[in-house]
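Report on the structure given below.
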Amino acid sequence: MTAQPLGEIAEIIRGISFPKDAKSLVPRDGDVACLRTTNVQREVEWDDLWFVPTEHVKRTEQFVQSGDILISTANSFELVGKVALVAGLPRQATLGAFISLIRPRPGVDPKYLYHQLAWGRTQSRIRETASTTTNISNVSSKKLAALELDLPPVDEQRRIVAELDKQFSRLDETVANLKRVKVSISRYQASALSEAARSGERWANCTIADLLRERIVNGLSVKESTSPTSVRALRLSAMCASGLDYADHRFLPVDPASVGDILVEEGDFFVSRGNGSLALVGRGAVAQAPPYPVIFPDTMMRLRFADAEIRRWVATLWPSRLVRRQIEQRVKTTAGIYKIAQPQVASISLPLPPASERDRIVAEVDRRLSIVREVEAAVDANLKRAQALRQAVLARAFTFRHASETMTAA
């Protein structure tokens, strides 16, 4: 068996391009689903789709087919090269410009090719060919086509796939059970938050505006610098469950004296102003102490409350259905992006019990959520072990074969 360039054993088809205002979150007459990098998971994710007019699909081969392999060709360095096998087509689809399509030629088993591309060693080789700028890595079709892969006879490909399927079926069952545990954890968390909200229902309501010590402020939108400067600005993705990820920042070419009013301070509460996902717009995060001066982007708004206890109360209730329902009722959609503005956030209504009652409710929620975090950490650790085991199975399948053929040749 000899190595063959990917371009000889499969077609490589680039995605389509279209204007920003052409996409929609809901299908319209004449639209086609458009897959993008977020849809390239271990399997194709069909629940979060964009839709674009079919007229933007210039060639028929740009329609996705069952057995195709999607590959992320423009992404962060860690994710560029990620692949997903199209096992079925729940609807007609094309692909966006940041992913490409690998279509195996006759004599190439799609699952065999997918497994070899998903193998960690192959993923590393793909990333080595990437050209990387400040935030994004790109893999060209030409470099993909030159990637050499081992291709045994088709019967041998199918034997390897059958063995991998047997190994992965047991592993997938374990992963499915772990994911069911995560769903149960989410339900328990939602129940704890809902109970906290109900506990305050017998008290008078107030709006977010009533609880602020200063007006709500949006961050700054400026094109980032191509080299480090003295002004760091968080990205929207810096918002996370534990607060803010200060490593997730970029540099801006602005005068530090001009942005002093939007420096992040410990205890600031931030709200996401916009997102392509309804579940993420309006999410909140409390800032921990920044390790260095850093500002926030215009995709986030800052809320500063009257005191720390009020902030803790708002932060505790923010993920609850009481607040999420109000956020989702207030958002507007523009060009496929969900957005919420300052007046809508300021008008959100919350119960406000006496301080002693707030402290009791917050303490109980913290106790329950600490249990959630412990269990979730254990589940996540086991999911990572499952992924490592998957790579170990792939490594055994491909390296064992190489070793056997080397010994036979000798």
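The values are calculated or read from the model by the stated rules, or taken from the named source; none is laboratory data. All values derive from a computational prediction rather than experimental measurement. Because the Cβ atoms are built from the backbone with ideal geometry, glycine has one as well, and the counts that use them run over all protein chains shown. SASA here: full protein model, heavy atoms, side chains in, ligands and nucleic acids out. Shrake-Rupley method; radii C 1.70, N 1.55, O 1.52, S 1.80 Å.
In the set (1) open to solvent by less than 40 Å² (accessible area, probe 1.4 Å); (2) among the acidic types (Asp, Glu); (3) modelled with pLDDT under 90, the condition left unmet by Asp21 is number (1).
Among the residues here, Gln92 qualifies as surrounded by fewer than 21 Cβ atoms within 10 Å (Cβ to Cβ), modelled with pLDDT of 95 or more and polar (S, T, N, Q). Evaluation of Gly282 against the conditions (1) out of contact with any helix residue (DSSP H, G or I) (no Cβ under 6 Å at 6 or more places or on another chain); (2) touching a residue at least 24 places away in the same chain (Cβ under 8 Å); (3) not in a helix (DSSP H, G or I) shows that the sole unmet condition is (1). In segment 205-270, counting only strands (runs of 3 or more DSSP E) that sit wholly within it, the ones holding 1 or more residues that are under 28 Å from Leu350 (Cα atoms) and over 27 Å from the mean Cα position of the chain (by Cα) span 205-207.
Any residue at all in segment 349-370 that is more than 21 Å from the chain's Cα centre (by Cα), without any contact (Cβ under 8 Å) to a residue 24 or more places away in the chain and under 17 Å from Ser186 (Cβ atoms)? Yes - at least one qualifying residue is present in segment 349-370.
For residues that are open to solvent by less than 50 Å² (accessible area, probe 1.4 Å), touching a helix residue (DSSP H, G or I) at 6+ places or on another chain (Cβ under 9 Å) and either hydroxyl-bearing (Ser, Thr, Tyr) or free of Cβ contacts under 8 Å to residues at least 40 places away in the same chain (or both), tally how many sit in segment 153-187. So that I can check it myself, show each step before the final result.
So the first thing to find is which residues in segment 153-187 are open to solvent by less than 50 Å² (accessible area, probe 1.4 Å), and the list is 154, 156-157, 160-161, 164, 168, 171, 175-176, 178, 185.
Within this subset, residues satisfying the condition of being touching a helix residue (DSSP H, G or I) at 6+ places or on another chain (Cβ under 9 Å) are 154, 156-157, 160-161, 164, 168, 171, 175, 178, 185.
Applying the additional criterion that residues be either hydroxyl-bearing (Ser, Thr, Tyr) or free of Cβ contacts under 8 Å to residues at least 40 places away in the same chain (or both) yields 156.
So the answer is 1.
Among the residues of segment 330-348, how many are of a type in the set (S, T, N, Q) and either under 24 Å from the mean Cα position of the chain (by Cα) or at pLDDT below 90 (or both)?
Kept after step one, since they are of a type in the set (S, T, N, Q), are these residues of segment 330-348: 333-334, 342, 344, 347.
Restricting the remaining residues to those that are either under 24 Å from the mean Cα position of the chain (by Cα) or at pLDDT below 90 (or both) gives 333-334.
Residues flagged as of a type in the set (S, T, N, Q) and either under 24 Å from the mean Cα position of the chain (by Cα) or at pLDDT below 90 (or both) within segment 330-348 amount to 2.
The rows are residues; the columns are (1) within 13 Å of the chain's Cα centre (by Cα); (2) in a loop (DSSP other than H, G, I, E, B); (3) under 25 Å from Ala176 (Cα atoms).
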position: Val52; (1), (2), (3): no, no, no
position: Val64; (1), (2), (3): no, yes, no
position: Gly67; (1), (2), (3): no, yes, yes
position: Ile71; (1), (2), (3): no, no, yes
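Among the residues of segment 246-260, some residue qualifies, meaning at least one is among the aromatic types (Phe, Trp, Tyr) and within 14 Å of Ala287 (Cβ to Cβ). Val231 fulfils the conditions (1) in contact with a Pro (Cβ under 6 Å, 6 or more places away or on another chain); (2) open to solvent by 20 Å² or more (accessible area, probe 1.4 Å); (3) more than 22 Å from Arg358 (Cβ to Cβ); (4) hydrophobic (A, V, I, L, M, F, W, C) except for a single criterion, (2). With respect to the conditions (1) more than 24 Å from Ala190 (Cα to Cα); (2) touching a Leu at 6+ places or on another chain (Cβ under 7 Å); (3) surrounded by fewer than 19 Cβ atoms within 10 Å (Cβ to Cβ), Pro319 lacks only one, and its number is (1). Can you find, within segment 271-280, the residue that is farthest from Val345 (Cα to Cα) among those that are modelled with pLDDT under 95 and open to solvent by less than 30 Å² (accessible area, probe 1.4 Å)? Taking the candidates together, the pick is Gly276. Within segment 126-137, being over 12 Å from Lys82 (Cα atoms), surrounded by 15 or more Cβ atoms within 10 Å (Cβ to Cβ) and not hydroxyl-bearing (Ser, Thr, Tyr) holds for one residue alone: Ala130. For segment 28-59, a residue qualifies if it is open to solvent by less than 40 Å² (accessible area, probe 1.4 Å), in contact with a Gly (Cβ under 9 Å, 6 or more places away or on another chain) and among the acidic types (Asp, Glu), but none of them does.
For Ala306, the conditions (1) buried (at least 17 other Cβ atoms within 10 Å of the Cβ); (2) touching a residue at least 40 places away in the same chain (Cβ under 8 Å); (3) not basic (Lys, Arg) all hold with the exception of (1).
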